[in-house]
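Report on the following structure.
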Amino acid sequence: MDMNVREAEDICILDIKGDIMADTKKELKEKFTSLIEGGKIKFIINFKDVYVIDSSGIGLLISTLQNVREKNGDIKILNISGFAKRTFNVTGLNNIFHIFTSEDKALESFTIGDNF
């Protein structure tokens, strides 16, 4: 899995390329930990180049979401499609995370208070 982190003001955008699975989630977990310890609590995860997310990846996203929401932050999902989107729908994650098809709309949602 490859990951690029960009920032737009106080929001971190993680562009992920590759699957989020048991053998790759450690890198993502370490990145989240580092960013959160650095005071970041607002994230957009770009799933444009993610095909599969397994149960360990789902667990990581949920635990990270709980962590940042306790700090008044959030995680938004961007450009999810294919098998990853079906996984979100089947597991109900589409009811937990805000999902966007436009990066601008995802960024805007942080300023207009579109949080759970």
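Values quoted throughout were computed directly from the atomic coordinates according to the rules given, and no laboratory measurement underlies them. As the structure is a prediction and not an experimental result, all values here were calculated from the model.
Every helix of 4 or more DSSP H residues in the chain counts as -39500 (n - 2.57), and over all residues that averages to -13000 deg cm²/dmol at 222 nm. Straight-line cross-link reach from K29 at under 16 Å between alpha-carbon atoms covers these aspartates and glutamates, not counting any fewer than eight positions away in the same chain: D2, D15, D19, E37, D54, D74. Shape analysis of the chain places it in the rounded category; the axes a ≥ b ≥ c from the Cα gyration tensor give an a/c below 1.5. Answer rounded, prolate or oblate for the range 62-116, using the Cα gyration tensor with square roots of eigenvalues a ≥ b ≥ c: rounded when a/c is under 1.5, else prolate when a/b is larger than b/c, else oblate. The shape class here is oblate. The slack in the chain from V52 to K26, taken as 0.36 nm per residue of separation less the alpha-carbon distance, amounts to 7.8 nm.
Along the range 83-96 the Karplus relation, 6.51 cos²θ - 1.76 cosθ + 1.60 evaluated at θ = phi - 60°, assigns HN-Hα couplings of 5, 4, 5, 4, 4, 4, 5, 5, 8, x, 5, 5, 8, 9 Hz to successive residues, with x for each Gly and Pro.
Between amide H atoms placed 1.01 Å from N, distances below 5 Å from H98 occur with I77, all of them 5 or more places distant or on a separate chain. A straight Cα-to-Cα reach below 21 Å connects K105 with the lysines K40, K42, K48, K76, K85, residues fewer than 8 places away in its own chain not being considered.
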